[in-house]
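Heads up: the structure comes next, in structure tokens.
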Amino acid sequence: MTINRRTLLAGLSAAPAAALVSAPGVVLAGSAEERRPVLHQYSLGAAKVTVFLDGHLPLGTQLFAAYDEEAAQAALSKGLHRMTPEGLNIPVNGYLIEQAGQKILVDAGTSDLLGPNLGAMGDALLAAGTRPEEIDLVLLTHMHPDHSGGLSTADGEAVYPNAELAVSEVEWGFWHDDAIMASVPEGSQGFFLMARKTVAPYADRLRLFKGEVELGAGFTSLPLPGHTPGHTGFMLDSGGEQLLFWGDVIHSVALQFAYPDWTIAFDTDPAMTAETRRKMFDRAVADNLLLTGAHIDFPGLGRVLKQDGAYAYQAAPWQFGL
Ligand SMILES: [Zn+2]
């Protein structure tokens, strides 16, 4: 699959960096004092998975390219999601996986980049009994601030001083390409600067990968391009069981299983995003995959169903004990 530079840039221009923090549909209200560590642990084969709720983000309906009120209400009426005046609240999840003597993160939350409703993952990791120095490896699905923000402090220091950072070579190259940055509208350039700043402290312990490769400790990368050029899922194999961390294949459980073509303003290449989503849904159905995602309702573990031609999400039961 090749990335079409024209549609890619067109997509970017539809998603100015400021939109994430100041668009009418994205309201960042609340108080850090209300924040409590929220986490859930489960086992997968020999691996222990801890999922952290970094916080939540209201997605304004105007962010969806093909939003239709009647269609949205039809989807909402089948489930328990509620529309708020700010839009649909979605979670931001991050993960710790302990397997084969290693401690690995999948994504790192937002830190303080997106306001007081987010940035709880660091404290939640401590609450789970893991210090930042213990992290061996961070697998990054893509370089948006709700995934890479927690990698560095406001002063540009590495939050995980001993961790290697694994990220797709395509993803790294895209956000570090000065020509691409110069060609996008000024409002979008902040995304590039933010992405660069969050990963900069890891430049000397970087593992850039290409395509589908084994990354160690049971993980294999799975390219899922569209949302960003190098957007990547990670398949974890442990004790004969599999779990796919699919990053941002969906942002809204409420709407995008029903309407896979409803891309959002942050998708770099909307057409490719929708194509990747459909292919991923089909594979998930065919393989009965257990999967989790950064914006699937916490704790975000489940599978995709297809009934009468329509996709749906089925949450896994809460797992008690490890
Ligand atoms: Zn995201």
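Values in this text are rule-based calculations from the coordinates and carry no lab data. Small disclaimer: the values here were computed from a predicted structure and weren't measured. When we count neighbours, we look across all protein chains shown, and the Cβ atoms used for this are built from the backbone with ideal geometry, even at glycine.
The number of residues in the stretch 227-264 that are away from the ligand (no atom under 12 Å from the Cβ) and under 17 Å from residue 195 (Cα atoms) comes to 3. Could you check, for the stretch 301-308, whether at least one of its residues is within 16 Å of the ligand (Cβ to nearest atom) and either crowded, with 23+ Cβ neighbours inside 10 Å or touching a residue at least 12 places away in the same chain (Cβ under 8 Å) (or both)? No, that holds for no residue. Of all residues in the stretch 86-107, exactly one satisfies the criterion of being closer than 20 Å to residue 59 by Cα and free of Cβ contacts under 8 Å to residues at least 60 places away in the same chain, namely 89. For the criterion of being among the small types (Gly, Ala, Ser) and farther than 24 Å from residue 220 by Cβ, residue 100 fails. Residues that are surrounded by 21 or more Cβ atoms within 10 Å (Cβ to Cβ), within 17 Å of residue 256 (Cβ to Cβ) and under 16 Å from the mean Cα position of the chain (by Cα): does the stretch 63-80 have at least one? No, the conditions are met nowhere in the stretch 63-80. For residue 317, the criteria (1) within 16 Å of the ligand (Cβ to nearest atom); (2) closer than 26 Å to residue 46 by Cβ hold in every case but one, which is (1). Taking each residue of the stretch 113-130 that is under 21 Å from residue 156 (Cβ atoms) and looking for partners that are of a type in the set (Val, Ile, Thr) and assigned to a loop (DSSP other than H, G, I, E, B) with beta-carbon atoms closer than 7 Å, six or more apart or interchain, yields 118/110; 119/110; 122/159.
From the list 220, 198, the lone residue that is of a type in the set (S, T, N, Q), in contact with a strand residue (DSSP E or B) (Cβ under 7 Å, 6 or more places away or on another chain) and within 16 Å of the ligand (Cβ to nearest atom) is 198.
Please tell me if residue 267 is charged (D, E, K, R), crowded, with 21+ Cβ neighbours inside 10 Å and out of contact with any strand residue (DSSP E or B) (no Cβ under 7 Å at 6 or more places or on another chain).
Judged against the criteria, residue 267 is a match.
Within 16 Å of the ligand (Cβ to nearest atom), of a type in the set (D, E, K, R) and within 29 Å of residue 322 (Cα to Cα): does that describe residue 146?
For residue 146, the condition - within 16 Å of the ligand (Cβ to nearest atom), of a type in the set (D, E, K, R) and within 29 Å of residue 322 (Cα to Cα) - is met.
Against the numbered list (1) within 16 Å of the ligand (Cβ to nearest atom); (2) buried (at least 22 other Cβ atoms within 10 Å of the Cβ), residue 115 comes up short only at (2). Between 177, 107, the distinction of being within 16 Å of the ligand (Cβ to nearest atom) and of a type in the set (D, E, K, R) belongs to 107 only.
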